[in-house]
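The values are calculated or read from the model by the stated rules, or taken from the named source; none is laboratory data. For clarity, every value in this text was computed on a predicted model and none was experimentally measured. Using ideal geometry, Cβ is built from the backbone for each residue, glycine included, and neighbour counts are taken over all protein chains shown.
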Amino acid sequence: MKRIFKAGFAVSALSVMALVLAAASNPKATGDIQWVNDSAGHTQAHVVFNAIATSATGTGAKGSLLYDDGKYAYTMDVQLLKVSDDGKTARFAGQVTANLTADSEDQKTCCAVGHWIFYTVQDNGEPGIGSDLIWGEDLSVSGPVDYDKARERVMGVQDPIGGPFKIFGGNLQVHKK
């Protein structure tokens, strides 16, 4: 009985390790960065994000993002991710889950709950300050956007219209595996 228990425990432990290792090898992008957002009146923007692919291939992802530039603030549920073949650039998108902007009129023009937001980040090495880049765009401002339309942008070659902005604080990382 002890042997069966030990064998079962060993198989379970190996299964958990394989699952963890498989998830660890999926593409991802993470960061806690600051930049000057020229498209929002030269305000200092801050974003904290993690976008982790749900498989080694495909565009499904899980993660979150928190954005704040003093005027606009929101949280986002990351649902899509594509990392470039060279592992330097990540393109990801998701839906706003909470708009923390104080002015209700501003909530109508940017980043309302349910809007799809599209980002591109580029990891140009260490240190990232002065060399890493970020772009961003609220895809829903020009009309309704669904998962498939957001996926087209993530899979495409056109970067978001806001940017590129060089980061002046923090760091971002993109990993192909």
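Each residue in segment 125-145 was checked for being within 17 Å of Asp77 (Cα to Cα) and assigned to a loop (DSSP other than H, G, I, E, B), and 1 pass. Residue pairs whose Cβ atoms lie under 9 Å apart, sitting 6 or more positions apart in sequence or on different chains, and linking a residue in segment 141-159 that is more than 20 Å from Val121 (Cα to Cα) to a partner that is in a helix (DSSP H, G or I) and not hydroxyl-bearing (Ser, Thr, Tyr), are Val145/Leu139; Val145/Arg153. Looking across segment 63-76, just one residue is under 9 Å from the mean Cα position of the chain (by Cα) and either hydroxyl-bearing (Ser, Thr, Tyr) or surrounded by fewer than 15 Cβ atoms within 10 Å (Cβ to Cβ) (or both), and that is Ser64. Entry remark, segment 105-126: residues being surrounded by 11 or more Cβ atoms within 10 Å (Cβ to Cβ) and within 23 Å of Ser84 (Cβ to Cβ) number 9 in total.
If you check Thr120, Thr97, which single one turns out to be in contact (Cβ under 8 Å) with a residue 40 or more places away in the chain, part of a strand (DSSP E or B) and either of a type in the set (Ser, Thr, Tyr) or under 17 Å from Pro27 (Cα atoms) (or both)?
Details: Thr97 fails: in contact (Cβ under 8 Å) with a residue 40 or more places away in the chain.
Just a single option satisfies the conditions, and that option is Thr120.
Looking across segment 40-92, the residues that are among the small types (Gly, Ala, Ser) and within 18 Å of Gln122 (Cβ to Cβ) come down to Ala45, Ala51, Ala53, Ala61, Gly63, Ser84, Gly87, Ala90. Whenever a residue of segment 76-89 is modelled with pLDDT of 95 or more and in a strand (DSSP E or B), its partners that are acidic (Asp, Glu) and surrounded by 15 or more Cβ atoms within 10 Å (Cβ to Cβ), lying with C-beta atoms within less than 8 angstrom and at least six residues away or across chains, give the pairs Thr89/Asp123. Does segment 146-169 contain any residue that is in a loop (DSSP other than H, G, I, E, B) and buried (at least 21 other Cβ atoms within 10 Å of the Cβ)? Checked against the condition, which is being in a loop (DSSP other than H, G, I, E, B) and buried (at least 21 other Cβ atoms within 10 Å of the Cβ), segment 146-169 yields no hits at all. Against the test of being farther than 19 Å from Gly162 by Cα and at pLDDT below 95, the options Ser55, Ser64 yield a single qualifying residue, Ser55.
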